[in-house]
There are 2 protein chains.
Amino acid sequence: MKQAKISEAVVKRLPIYLRYLLHMQQMQIHTVSSQHIGKVLDLNPAQIRKDLASFGEFGKKGIGYDVDYLVEKIRHILKLDREIAVVLVGAGHLGHAISNYNAYLKDNMRIAAIFDADPAKLGTQIAGIAIQPLEELSETIATRNIRLAIITVPAPAAQKVADQLIAAGIEGILNFAPISIRTDRDVKIYNADVTSSLQSLAFYLNEKKEIT
Amino acid sequence: MKQAKISEAVVKRLPIYLRYLLHMQQMQIHTVSSQHIGKVLDLNPAQIRKDLASFGEFGKKGIGYDVDYLVEKIRHILKLDREIAVVLVGAGHLGHAISNYNAYLKDNMRIAAIFDADPAKLGTQIAGIAIQPLEELSETIATRNIRLAIITVPAPAAQKVADQLIAAGIEGILNFAPISIRTDRDVKIYNADVTSSLQSLAFYLNEKKEIT
DNA sequence: TAGATTGTTAATCGATTAACAATC
DNA sequence: TAGATTGTTAATCGATTAACAATC
């Protein structure tokens, strides 16, 4: 209700709620309780209610939440109710995969431009988008009002690319390069590299299953 | 020191520490303090010391940590000091990118098998690995002692694939499908889909920059 | 030695969960 | 109405940070 500072944990759960609610819409289910969502998503119902209540009173006591209404609210909170242009830097295998992935981004989010440092790739297209040289980065971001960025360049280039993106006014970065990107500016950065995730997973391997 | 339960937050930081320590090795730096690591990685030095101290006394008072020794210790903690075979399910664009990414996985981790439901893909190779039909999943996992899995199949297939993997004895799953995978078994699952991450990022867009 | 830095305890901060009055 | 379920406060739990004795 009071727009206190929202924790990152809450923000990361909102897309999960949204996805399930969209699923319910497809199933023609119109009302849902925190208990039901909690059961399906394996979350505590009180947590779901508290998360949602931090943005407003979206439910009805004794009834639950109206699915359509809640979808609308969460999409608004996540700013998915407007067009968001995304730039992708690094047209290698991973960048290629993500841009073809464009279908997933639907919901008003789309990759609007792709950049790569390799001159050999210039002019070629990915998913119908021409690959541009890094020199054009700032201008394209400004003129096309691009606000989020995905980095899929090799590790040694990632921080520099991020610095350029931030200087150009990008407001959020999803970084897949295997290096932690930093900034002292007010830009949200998610580091999401595959290597680190797999290494963390390895921690949980069961010693007892070792063959030795 | 006492092997109390280690929080996931700690486990996620270990690969970050490791990566920076490997970088220091390359730079021929032999000793490092928690203060230095904290400065570079933007973390609280006390947190770094506490994280490491939960596994043993790796440092020297007044001196700091020996880089080589700490690398060895973290690699052991993360179980990266042994061969870990990984299976990839879903040979689409993303799966393709990640398997070519194989270079990154080095450190004794490698993609040992690739599966796909599409009969048209069978027999073709990615990065030198033949794509196999899902029917062979269980047997391959068992005979080749595969312990971790990466899921890059479409959302509707993801949960079923996960169930099969878990039934086959997989101990950890990195899921890129845009759906939260669940299990009641003792298997670690990281959900890492691009769509959710971008949607969370959108939350932080600056209202003031809206063009309206 | 004096300065630096760890490992660890205590303090703080924040997030999750439980409980329940309000109410549909 | 009785049962269900929210929004919210209080309790609990856990993670981060500060502080400092030990010691290299």
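Readers should treat all values here as calculations from the given coordinates under stated rules, not as data from a laboratory. Quick caveat, the model's predicted, so the values are computed rather than measured. Note that each Cβ is placed from the backbone with ideal geometry, even for glycine, and that neighbours are counted across all protein chains shown.
Key figures for this structure:
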{"quantity": "The range A:48-74 - residue that is touching a Ser or Thr at 6+ places or on another chain (Cβ under 7 Å) and more than 6 Å from DNA strand D (Cβ to nearest atom) and, of those, nearest to A:ILE16 (Cα to Cα)", "calculated": "A:ILE48"}
{"quantity": "Answer from B:ALA127, B:ALA112, B:ALA158 - the residue that is surrounded by fewer than 17 Cβ atoms within 10 Å (Cβ to Cβ) and under 19 Å from B:GLY92 (Cα atoms)", "calculated": "B:ALA127"}
{"quantity": "Failed item in (1) among the β-branched types (Val, Ile, Thr); (2) assigned to a helix (DSSP H, G or I); (3) more than 12 Å from every other protein chain (Cβ to nearest Cβ), with B:VAL40 passing the rest", "calculated": "(3)"}
{"quantity": "Enumeration of residues in the range B:1-25 that are closer than 19 Å to B:LEU80 by Cα and either away from chain A (no Cβ under 12 Å) or among the aliphatic types (A, V, I, L, M) (or both)", "calculated": "B:ILE6, B:ALA9, B:VAL10, B:VAL11, B:LEU14, B:ILE16, B:LEU18, B:LEU21, B:LEU22, B:MET24, B:GLN25"}
{"quantity": "Residues located in the range B:195-212, provided they are assigned to a helix (DSSP H, G or I) and out of contact with any helix residue (DSSP H, G or I) (no Cβ under 6 Å at 6 or more places or on another chain)", "calculated": "B:SER197, B:LEU198, B:LEU201, B:ALA202, B:GLU207, B:LYS208, B:LYS209"}
{"quantity": "Boolean, A:ALA158 is closer than 29 Å to B:MET109 by Cβ, more than 7 Å from chain B (Cβ to nearest Cβ) and part of a helix (DSSP H, G or I)", "calculated": "yes"}
{"quantity": "Residue selected from the range A:163-176 under the condition without any contact (Cβ under 8 Å) to a residue 40 or more places away in the chain and outside any strand (DSSP E or B), by the criterion farthest from the other protein chains (Cβ to nearest Cβ)", "calculated": "A:GLN164"}
{"quantity": "Candidates A:ALA85, A:ALA130, A:ALA149, A:ALA117 - the one that is assigned to a strand (DSSP E or B) and more than 25 Å from B:SER196 (Cα to Cα)", "calculated": "A:ALA130"}
{"quantity": "Residues of the range B:178-212 classified as more than 7 Å from chain A (Cβ to nearest Cβ) and hydroxyl-bearing (Ser, Thr, Tyr), total", "calculated": "2"}
